Amino acid sequence: MENTIQEKEFQSKKTNLFIILSGIFLTNAILAEIIGVKIFSGELTLGWEPAGWTIFGDYILDFNLTAGAVIWPVVFVTTDIINEYYGKKGVRKISFVTAFFIAYIFFVIAGVTQLPPAPFWLDVNSPDAEGNPFNINYAFNIIFRQGLGIIIGSLTAFLLGQLIDVYVFQKLRKITGPKMIWLRATGSTLVSQFIDSFVVLGIAFYVFGNWSWAQVASVGIINYVYKFSVAILLTPLLYLGHYLIDQYLGKDIAEKMTKEASSDTSFL
């Protein structure tokens, strides 16, 4: 009877934790995709002048980033935590669920942008605060509707990055054991986000767009440097997450889960 109660407690805590981590992962991944249409200046945000570097010929490079990159590191940290306690199966499960909902959201947005706007809605929102003519329906469509290339590139990069992240993470864990969390978290991010940063740009703006390889490489480098740098800075948050989860699960349950999670190191 006691063993049955302990097993039920184990399964309950395991399920509850996965729901919480999945909620954090899903929310931030989807939100990053939606707000990612805005490109902001890193230099102006800090009150600096744009860098204006010239690389790859005549292409001028500034520190311009997608707004989605601001919260994307939260996805990195959550991925590593899920990987630590639920292994490849856990990361793969939430990754495919997230990819499905991202595709669903883009499908719904594509549909609602085709709906004819109500005339009064156009009237009450024009002109803008400065008295300039403003078409809110056009603005709504431009902000929320993304091209097919961006959707395909984003989903491909997301899934590929997640699969590579979990594979590298578990391979490093095989070497380090339960210690050196920072090494496997940073190492997996270093590899997976390199792939992610260039795949999404290559598919969206080179294959389906009109960017040159120089532009893809330049913007990809900036995005990669930012993502990786922030991932390193968030390492203490990863340790905090581990501490809180171990306190919630208890030492025995936490060790049991991490041992089960590290047993499968295959790619697929």
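Only the coordinates and a few stated rules stand behind these numbers; no lab work does. None of these values were measured; they are calculated from a predicted model. All Cβ positions, glycine included, derive from the backbone under ideal geometry; neighbour counts span all protein chains shown.
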So how tilted is helix 213-233 from the main axis of the chain? Cα-based, degrees 0 to 90, rounded to 10.
-> 40 degrees
By how many degrees, 0 to 90 and rounded to 10, does the Cα axis of helix 251-261 deviate from the longest principal axis of the chain?
-> 70 degrees
Hey, can you rank 202-212, 113-123 by average C-beta count inside 10 Å, highest first?
-> 202-212, 113-123
State the label only: which of (1) 45; (2) 40; (3) 32 corresponds to percent of Cα pairs over 28 Å apart computed from the shown model?
-> (1)
Top positive-direction residue, dipole computed over the chain with Cβ charges, set P127, T4, I24 = T4
Anchor K14: lysines whose Cα lies under 30 Å away (excluding residues fewer than 8 positions away in-chain) = K88, K89, K93, K171, K174, K179, K227, K251, K256, K259
Return the single residue from N16, N223, N135 with maximal mean-square fluctuation; model: Gaussian network over the chain, springs between Cα atoms under 10 Å.
-> N135
Of the peptides 93-105, 61-73, how do they stack up when ordered by the mean number of other Cβ atoms within 10 Å, highest first?
-> 61-73, 93-105
With the 8 Å Cα cutoff and a minimum separation of six or more residues, the chain has a relative contact order in percent of 24 percent
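Calculate, for L244 and I143, the FRET efficiency according to 1/(1 + (r/R0)^6) with r their C-beta to C-beta distance and R0 35 Å; round to the nearest 0.05. Mind dumping the intermediate values first?
Details: r = 36 Å, r/R0 = 1.04.
Using R0 = 35 Å, I get an efficiency of 0.45.
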So, with +1 on the Cβ of K and R and -1 on the Cβ of D and E, and no other charges, what is the size of the charge dipole of the chain about its Cα centre, to the nearest 20 debye?
-> 1020 debye
How much length is gained if the chain between W213 and I195 is pulled fully straight, taking 0.36 nm per residue apart and subtracting their Cα-Cα distance, in nm to one decimal?
-> 5.0 nm
About the Cα centre of region 1-146, what is the dipole size in debye to 20, counting +1 per Lys and Arg Cβ and -1 per Asp and Glu Cβ, all else neutral?
-> 820 debye
Please give the calculated 222 nm ellipticity per residue for the chain, where each DSSP H segment of at least 4 residues contributes -39500 (n - 2.57) and the sum is spread over every residue; nearest 500 deg cm²/dmol?
-> -24500 deg cm²/dmol
